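The values are calculated or read from the model by the stated rules, or taken from the named source; none is laboratory data. In this text the structure is predicted, and so the values were computed from the model without any measurement. A quick note on method: Cβ atoms are made from the backbone with ideal geometry, for glycine too, and the neighbour counts reach across all protein chains shown.
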Amino acid sequence: MWETITLMVTVKAYPNLSTKYGEVVCIAGIRTDTTEPEWVRLFPVAFRDLPSTQRFSKYQLITLEAQRHGTDKRPETFRPNIDSIQRGEKIDSKMGWMRRRELVEPLVSESMCDLLRRQELDGTSLGAFRPWQVSDFEITNDVDERGQTKDAIAAQPSLLLPTKNPLEPVALRFRYRYRCSTAGCNGHHQSMIDWELAQAWRSWRDLYDESTLLEKLRAKFLDEMCGPAKDTIFFVGNQHQHTKSFLVLGVFWPPVRGG
């Protein structure tokens, strides 16, 4: 059954190519129409096909019709009625991201290790937590055994969507290496798939040489967003076909309180 839901968008993942749905984006956010904030995932969303009046940004409120997903059994996943999307207010970052914090904080878990335990117990597939120590932001070439990037393969005009402007290849893979606050944590090594990261790469690659570009990306996504002046929280989610495998979907990085 369809229901009307409202959420603050917290995650917009980089577009992926699905044999069933074509080019799609996974959207995640926090419901604001429920008694207490709760996670929701919208899938599939053909974001680049949306008219300009429906294209939303992170931390924007949207209202739409959605129903429990028939084939994706992750408890937070809903199938959206794309035509019903209505954009609302964009929640600003004033006063130390206060209004955003009010929605995010109730859903912050103890750690990544805790989320993995919960996934085993109840199928939890979305979460947020404060990493205890972020040691690296790795940037490597994303090339398969045939010497092609995954995004380059997806961008070939003969695949599924021959009339659409192809996705521009991102020939890099980004991973965070960190430890969480759980005693005995052996560390985590997870890919980062936030669309904003790909956009930063595109925006800066024409301004800097390769070495400087990588330094700029690390300075932004490691030194600044995970630095001591920020109250860093990772948004994470698992994969439909690989439920034990979580990715970093985005970073929430307000200033440290009182900082």
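Observations on the model:
- Pro106 vs. criteria within 19 Å of the chain's Cα centre (by Cα), assigned to a strand (DSSP E or B), farther than 25 Å from Phe174 by Cα and not hydrophobic (A, V, I, L, M, F, W, C): no
- Counted residues, segment 180-230 - those being of a type in the set (Val, Ile, Thr) and within 21 Å of the chain's Cα centre (by Cα): 1
- Within segment 69-79, the set of residues being assigned to a strand (DSSP E or B) and touching a residue at least 40 places away in the same chain (Cβ under 8 Å) comprises Thr77, Phe78.
- Selection status of Arg41, crowded, with 20+ Cβ neighbours inside 10 Å, within 19 Å of the chain's Cα centre (by Cα) and outside any strand (DSSP E or B): no
- Of the criteria (1) out of contact with any helix residue (DSSP H, G or I) (no Cβ under 7 Å at 6 or more places or on another chain); (2) under 30 Å from Ala229 (Cα atoms); (3) buried (at least 18 other Cβ atoms within 10 Å of the Cβ); (4) not charged (D, E, K, R), which one Ala66 fails: (2)
- Subset of segment 83-103 that is in contact with a helix residue (DSSP H, G or I) (Cβ under 9 Å, 6 or more places away or on another chain), part of a strand (DSSP E or B) and not polar (S, T, N, Q) - its residue that is farthest from Leu247 (Cα to Cα): Asp83
- Among the conditions (1) in contact with a Lys or Arg (Cβ under 9 Å, 6 or more places away or on another chain); (2) crowded, with 18+ Cβ neighbours inside 10 Å; (3) modelled with pLDDT of 95 or more, the only one that Phe235 does not satisfy is (1).
- Residue count for segment 166-199 under the criterion of being without any contact (Cβ under 8 Å) to a residue 24 or more places away in the chain and out of contact with any strand residue (DSSP E or B) (no Cβ under 9 Å at 6 or more places or on another chain): the result is 4.
- Screening Leu115, Leu121, Leu61 for residues that are assigned to a strand (DSSP E or B) and either touching a residue at least 60 places away in the same chain (Cβ under 8 Å) or hydrophobic (A, V, I, L, M, F, W, C) (or both) leaves exactly one candidate, Leu61.
- Test: residue in segment 210-224 that is part of a loop (DSSP other than H, G, I, E, B), under 19 Å from Glu138 (Cβ atoms) and hydroxyl-bearing (Ser, Thr, Tyr): no
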